[in-house]
1. Determine the per residue accessible area of the chain with all protein chains present and a 1.4 angstrom probe, expressed in square angstrom.
2. In Å, the Kirkwood hydrodynamic radius of the chain over pairs of distinct alpha carbons?
3. For the stretch 205-280, what does the convex hull of the Cα positions come to per residue, in cubic angstrom?
4. Check which residues have an amide H placed less than 5 Å from V171's amide H, if you skip close sequence neighbours.
5. Given a cut-off of under 8 Å on Cα pairs at least six residues apart, what relative contact order in percent is computed for the chain?
6. Go ahead and set up a Gaussian network model of the chain, Cα springs under 10 Å, then flag whichever of N208, N163, N132 fluctuates most.
7. With a ≥ b ≥ c taken as the square roots of the eigenvalues of the C-alpha gyration tensor of the stretch 36-162, please select rounded if a/c is under 1.5 and otherwise prolate if a/b is larger than b/c or oblate if it is not?
8. Quote the accessible area belonging to R202 in square angstrom, nearest 10, computed with a 1.4 Å probe and with ligands, DNA and RNA left uncounted.
Amino acid sequence: MGLSDHALRRPVTVLVATIALMVLGGVSLSKLKLDFLPQMDFPFIGVYAPYPNAVPAQVEKDIARPVEEIMATLGDVREIFSNSDESGAFIGVVFDFGRSVDVLRMEVKEKLEQVKPLLPSDLRDTYIFTFNSNDIPIIVGRIGAQGRDLASSYDLLERRILNPLRRCEGVGRVQVDGIAPKSIRIYLHLDRIVEHSIDVGRLFELLNANNVDLSIGRVHDGRQRVTVRTLGQFRSIEDIEDLQVSPEGLRLKDIAEIEFGEPAPRYYRHLDGESAIAFEIQKASGANIVDVSDRVHEVLAEIDEDPALEGINVLVF
């Protein structure tokens, strides 16, 4: 009964203490951030092994299967899955909760070093991915235009929509799907490659080596100092077409077709029955989802008033 007796003998003290606690609680409540998800790491490790221009069955046999087998020796593994295609292999490993993702990452790296002698000798790199709640998109949307194909509007959309969203405080990444900048594509003719005995691997190396700008140092002349560099990058389609690929003077255009344009889409998104572009927004680490979402919607409201985007709809859901 000591506490109740003390409260009855000193009611003013108890009242002041109660009011102080209420004020402190009110101030703390007003400063408490509203968030969507707690910060957490998922017990998942992904391994990506790029191996372009390969046969999926061979990728599965020579890369995915050895990596799966070595990953199965890790402790607390719940599930292992993989996907193999013409560009490489992706292997995912799901562990029981409670394992430290940092420790798992080191263990996976050690296992990859052990299995490296069993993988193809020309496999250059492998990449390790982890996943936490910050990687979940906070906003997903579509960009579309009624009766208009936006496939050739990458520069406009990047300048007027994507870059303003990327500059928004708290936004970590804006990922776009369904549109890409123009690129150069080289289609080799197999019959001409065989006819002229062209080494395709050597051809790739030649293309890379002839598409580089390099700094070669500085030249001093009295008080003047000039930085010198070589301009080796391709400046036009004609430069690529005229690249010599054999000692006999054979040009790249003699054995291949070279195009410059938008890459062909592999699948489509739709909005109101028309082809559309998908975008996802991820917040920066430590940012508050609610605050970032409010800022993004303010930027989207400004984008909606942009006269350069007349007829283009941005839908967020």
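The values are calculated or read from the model by the stated rules, or taken from the named source; none is laboratory data. All of these numbers come straight from a predicted model, not from anything done at the bench. Note that we place each Cβ from the backbone using ideal geometry, even for glycine, and neighbour counts take in every protein chain shown. These accessible areas exclude ligands, DNA and RNA; they are computed on the full protein's heavy atoms, side chains included. Shrake-Rupley method; radii C 1.70, N 1.55, O 1.52, S 1.80 Å.
1. 66 Å²
2. 25.8 Å
3. Spread over its residues, the Cα hull of the stretch 205-280 gives 221 Å³ apiece.
4. A284
5. 22 percent
6. Answer for the Gaussian network model of the chain: N208.
7. Because a/c hits 1.5 or more and a/b fails to exceed b/c, the stretch 36-162 counts as oblate.
8. 130 Å²
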